[in-house]
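Remarks on the structure that follows.
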Amino acid sequence: MGKIGKSSKARKQTFGHVVPLGGSCLIAKHLQNKGIRVCKFPFDWMYSTPYLVRHALLDDFKTFLDTSKCQRGAGQSEEKLGTIHTVYRRMQSTKAKNVVFPHHQLWSGAKNGRRDRSSYRRSVERLRRVLRSKVRTLFITAMDAEAKTLPILQDEAWQPGQALPCGGPELCCRAEVLRLFECLKSKKKGPFHLEVVYLLRHSRKCRKQVVLQKRTKDRSLRISEMSCKGDHTGLAFREDGDMLAFHKLITDSSCRRFKPVVLDANGTKGYRDKGSTESSPLGAARSSGSRSDLKRKLRFVQKNPKVKGSEAHKRYEVYKKAQTIQEFLNLGGFKGDLAFDQAHGFLTLF
């Protein structure tokens with residue numbers, strides 16, 4: 001359908017909620033690092049597919065919250081164990097994937113089970129509130145793709161059988177994305193946009209193209225394919241260029257702006273809630289007068305993105321080697337630079 005580009009006639013839409021829908025932890029972590037994520041939602045820290053998400057929405061998360069379906073994952077230390085879900089393990093993009101919740105212990109008797117189960121119950125209730133609200137919402141899902149699975153993922157006619165699947169790339173295909181879009185249309189009261197990205201790994205150059213768009217009044221869908229030079233860890237891209245391209249794609253600054261609506265007093269800290277309304281890394285960075293904030297780690301994109309010859313370009317060239325906020329300030333960076341660079345994806349706060 002063509003490359004993604006800015007439209008001079010595009011009218012900016014304000015999104016009050018941004019909800020990751022999987023398929024890995026990559027989106028939640030990216031949104032958190034960029035200051036857009038303000039609370040935890042159900043699919044933030046798990047492996048999922050459009051098929052799985054639709055299943056959870058249709059049964060109102062009964063299977064999702066059923067602890068009898070959760071089992072202890074394999075591993076040496078219980079602190080680092082993930083959770084196997086006996087139903088959702090069959091709804092993954094590969095048949096080999098067992099652990100569905102890699103960062104939480106949800107089975108009965110787990111050391112941190114009560115804490116993690118409570119966290120997920122709150123996340124489900126937040127999503128229910130989002131679905132009931134009329135606030136414009138951005139749903140995002142990103143899925144890995146390879147050359148050999150691309151024809152399967154591009155299928156718009158695939159139909160699931162009556163029995164539960166056994167896992168496979170077809171659960172991420174366009175047909176399932178379209179069914180998820182229809183499901184969201186029936187569940188979400190207000191306007192929304194569903195952004196779907198297929199990440200084609202190990203390409204020679206980073207390239208983005210829209211392969212399908214659909215709009216029904218104030219509900220819209222866009223499916224894109226993004227060729228990545230490198231891989232990702234499940235939490236972050238290994239290549240700065242891939243990270244920047246992904247950030248531009250999902251934030252689409254030419255027509256989107258974000259004013260997050262706070263749903264409750266539980267902000268987000270890493271994989272779990274925190275009992276504070278200070279939930280955005282950007283907010284913490286802006287108030288970097290405290291000693292703990294000044295020690296906060298960060299990483300800048302090393303290729304200077306500023307206009308060559310400008311003062312901003314000169315400052316960036318100096319402070320891009322900083323590894324903490326204090327070092328950034330010592331190297332001549334301004335607080336305005338910090339906010340601008342994070343908003344445009346040039347900076348990652350940890």
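Quick note: the coordinates plus some simple rules give every number you see, no bench work behind them. Every value quoted in this text rests on a predicted model; they were computed, and no experiment measured them. Ideal geometry is used to build each Cβ from the backbone, glycine not excepted, and the neighbour counts take in all protein chains shown.
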*For Leu150 and Asp231, what does the FRET efficiency come to when R0 = 25 Å and r is the distance between their Cβ atoms, rounded to the nearest 0.05?*
0.90
*Helix-only mean residue ellipticity at 222 nm for the chain, each DSSP H run of n ≥ 4 adding -39500 (n - 2.57), per residue, nearest 500*: -8000 deg cm²/dmol
*Which of [x] 20.5, 69; [y] 20.2, 62; [z] 24.7, 74 is the computed Rg and Dmax of the Cα atoms in Å for the structure on display?*
[y]
*For the chain, with a Gaussian network of springs between Cα atoms less than 10 Å apart, report the residue from Val211, Val53, Val196 with the top mean-square fluctuation.*
Val211
*Roughly speaking, what is the stretch gain from Val211 to Thr94, that is 0.36 nm per residue apart minus the C-alpha to C-alpha distance, in nm to one decimal?*
39.8 nm
*Near the amide H of Arg256, under 5 Å away, which other amide H atoms are found, from residues 5 or more places off or on another chain, if H is placed in the peptide plane?*
Gln13
*Anyone know which of Phe246, Phe340, Phe61 comes out most mobile in the 10 Å Cα GNM of the chain?*
Phe340
*Excluding same-chain residues fewer than 8 positions from Lys314, which lysines have a Cα within less than 20 Å of its Cα?*
Lys303, Lys306, Lys335
*Going down the list Lys208/Lys321; Lys111/Lys259; Lys40/Lys148, which pairs span over 31 Å between their C-alpha atoms?*
Lys111/Lys259; Lys40/Lys148
*With +1 on each Lys and Arg Cβ and -1 on each Asp and Glu Cβ, and nothing else charged, work out how big the dipole of the chain is about its Cα centre, in Debye to the nearest 20.*
880
*Taking the alpha-carbon centroid of each part, what is the distance from segment 91-161 to segment 235-257 in angstrom?*
21
*Hey, can you grab everything whose amide H is under 5 Å from the amide H of Trp158? Only 5+ residues off in sequence or another chain; H modelled, so Pro and N-termini drop out.*
Ala175
*Taking amide H positions as placed in the peptide plane 1.01 Å from N, state which residues far from Gly167 in sequence (5 or more) or on other chains have amide H under 5 Å from it.*
Gln92
*Go through Pro305, His30, Ala163 and say which Cα lies farthest out towards the positive end of the charge dipole of the chain; charges sit on Cβ, +1 for Lys and Arg, -1 for Asp and Glu.*
Pro305
*Please list 228-239, 83-94 highest first by mean number of surrounding beta-carbon atoms within 10 Å per residue.*
83-94, 228-239
*Pick from Cys166, Cys39, Cys25: which is most flexible by mean-square fluctuation in a GNM of the chain where alpha carbon atoms under 10 Å apart are linked?*
Cys166
*At 7 Å along the Cα-to-beta-carbon direction for both Asp60 and His202, put a label point, then send me their distance in nm to one decimal.*
4.6
